[in-house]
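The values are calculated or read from the model by the stated rules, or taken from the named source; none is laboratory data. Computed from a predicted structure; not experimentally measured. Glycine gets a Cβ as well: all are built from the backbone with ideal geometry, and neighbour counts include every protein chain shown. Surface areas here come from the heavy atoms of the whole protein model, side chains and all, with no ligands, DNA or RNA. Shrake-Rupley method; radii C 1.70, N 1.55, O 1.52, S 1.80 Å.
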There are 2 protein chains.
Amino acid sequence: MNGKIFIIEDEPSIIQLVQHNLEKNGFLVSSSLNGNDGLKELKKFQPDLLLLDWMLPDLSGIEICKNIRKDNSFKNLPVIMLTAKGEEEDKIKGLDSGVDDYLTKPFSFNELMARIKAVLRRSNPNTVSDNLKFDDLMLDRIEKRVFRDGQEIKLGPTEFRLLEFFLTNPKRVYSRDQILESVWPNNINVESRTIDVHIRRLRQSVNLKNKKELIRTVRSSGYSLI
Amino acid sequence: MNGKIFIIEDEPSIIQLVQHNLEKNGFLVSSSLNGNDGLKELKKFQPDLLLLDWMLPDLSGIEICKNIRKDNSFKNLPVIMLTAKGEEEDKIKGLDSGVDDYLTKPFSFNELMARIKAVLRRSNPNTVSDNLKFDDLMLDRIEKRVFRDGQEIKLGPTEFRLLEFFLTNPKRVYSRDQILESVWPNNINVESRTIDVHIRRLRQSVNLKNKKELIRTVRSSGYSLI
DNA sequence: TTAATTTGTAACAAAATTGTAACATTTAAA
DNA sequence: TTTAAATGTTACAATTTTGTTACAAATTAA
């Protein structure tokens, strides 16, 4: 993941949280606490996407947005609007003014990330890559392929989902219940021991010869990547 | 303002000035005058941030920084590097080596304070990671791992829970009944002497050679960390 | 359709963990 | 000092947890 994201938001704690997490995800981030500063900084920063708060101390998000659209170099800058609860009735107005998406506070970072990806994929596919990497392992979510050390590994559907799940939080230990919930369809019921068998299958595929073990067993707790 | 800050800097007058002012601002501060001492003290002190001089009599700031990053319990310790004038061209190198920010001497205390705040603000959301620390011991609840002095210690499930329990209130003495209630599943019944055996096992794992005893026996009362 | 792949479970093997008893050592009190 | 209580230590059998394999049912591809 790469690309530049600019944030105009007057709540420092939100900026902090979002900025930190976006940076962890590989984005370059800059921000302003009010509209006028934001408009100036924006030109310097030349972002690929703008996160814009609805309510700002000086200008409203809408005004900023209209302002931006007047500027030729920002005609196509994607904007995601952040609105506080209770401003919902204005959503349509927001979308009319050239906003690409909106998000109601409070929101989870995952939600935000999903929107950002979706918008960026439309406007600038280069900035989004859905590859999960860990150690010498690489999982391509789009093409549904897995490589270790550059060499492709063939996985069955369940093994793929299992590995994908672990890769979203490598090193973290997941219980069998957590794994079941996240990797198996919501309605289906399988024995928790079934996981052990799939872990075994995943291990067999992933542990190419002369490669170190990738899946750690944590007795009485579950499994994790390592 | 609170938190612990460690300083490695060979100029006593700078240490004095900075330490005094930081303490006035509510920080707990400790320091060393050279790299080797610093690395040792660091482990004992478990700071939330490190101020690191670039030029030291023994190791360079860069070397120390690399050294620190190798240690699992310090992977995310924020570091602010202090460089003397004329070393500016090395700034990028400094940032590459895992430094979070730098400051060129001479600097005003206000400047330093602003950087510290900024860095801590960024790293603090990270500090919510479920790590329990005590002395040179670190327990990662997410990854289910324990480190002493940076070195991993393998524990069985019960030993892990036992240590986790003690770490939530280190130094506090717990009776065998309290330990039983909190560490063992609610329905199960075991002899209170069983705890002694598990304490013994925990001690054996945790007391790496040449390390001081971590678990204290309080006769007729129970056990605690120390 | 047939063939191939994938999936869940049972059954057994292997390994790790656990509780307890028995004995040793330390500590505090008499 | 002697004695009793508390704790340390060790060994071991029972139990729990996980690894592994085989196989039939279900699903998908050919």
Relative contact order (percent, whole number), the range B:18-73, Cα cutoff 8 Å, 6+ residue spacing: 28 percent
Shortest-first nm distances, B:Glu11 label point to equivalent points in other copies (7 Å, Cα→Cβ): 4.3
Heavy-atom SASA rank of B:Lys4, A:Lys144 (probe 1.4 Å, accessible area, largest first): A:Lys144, B:Lys4
DSSP bridge orientation in the protein assembly as shown - percent antiparallel, rounded to nearest 5: 45 percent
The range A:105-226, relative contact order in percent, only Cα pairs under 8 angstrom and at least six apart counted: 20 percent
Three-way shape label, the range B:1-66, alpha-carbon gyration tensor, a/c 1.5: oblate
Angle in degrees between helix A:61-70 and the longest Cα principal axis of chain A, rounded to the nearest 10: 80 degrees
Cβ neighbours within 10 Å from other chains - mean over B:139-146: 4
Surrounding net charge for B:Pro170, when Lys and Arg each add one and Asp and Glu each subtract one, Cβ distance under 12 Å: +2
Approximate spin-label separation A:Asn169-B:Phe165, in nm, with each point projected 7 Å along Cα-to-Cβ: 2.5 nm
Copies compared at B:Lys212 - label distances in nm, ascending, label defined 7 Å from Cα in the Cβ direction: 3.3
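Scan the range B:136-226 for GluC sites (Glu not before Pro) in coil per DSSP, keeping those whose Cβ has at most 15 other Cβ atoms within 10 Å, and list them by number.
Numbers: sites: B:Glu143, B:Glu152, B:Glu159, B:Glu164, B:Glu181, B:Glu191, B:Glu213; in loops: B:Glu143, B:Glu191, B:Glu213.
Passing both the DSSP loop test and the Cβ count: B:Glu191, B:Glu213.
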The protein assembly as shown - convex hull of alpha carbons, volume per residue in Å³: 216 Å³
Separation in nanometres of the label points that stand 7 Å from Cα toward Cβ, at B:Gln204 and B:Phe109: 5.4 nm
Chain A - share of DSSP beta bridges that are antiparallel (%, nearest 5): 45 percent
Per-residue average of Cβ from other chains inside 10 Å of A:18-24: 2
Distance violations [Cα-Cα > 18 Å] among B:Lys43/B:Lys66; A:Lys40/B:Lys117; A:Lys24/A:Lys171; B:Lys4/B:Lys43; A:Lys133/A:Lys211; B:Lys133/B:Lys171: A:Lys40/B:Lys117
Residues of the range B:160-179 with amide N under 15 Å of a point placed 7 Å along Cα→Cβ from B:Ser192: B:174-179
Normalised contact order of chain A, rounded percent, pairs of Cα under 8 Å and 6 or more residues apart: 12 percent
Two-site label geometry, B:Asn36 and B:Ile226: point separation in nm, points 7 Å out along Cα→Cβ: 3.1 nm
For the range A:146-173 and the range B:150-226, distance of Cα centres in Å: 37 Å
Peptide A:214-221 - average C-beta neighbours from other chains (10 Å radius): 3
Per DSSP, loop trypsin sites (Lys or Arg not before Pro) in the range B:162-209 with at most 10 further Cβ within 10 Å: B:Lys171, B:Lys209
Loss of accessible area when A meets B, both sides summed, Å² nearest 100, probe 1.4 Å: 1000 Å²
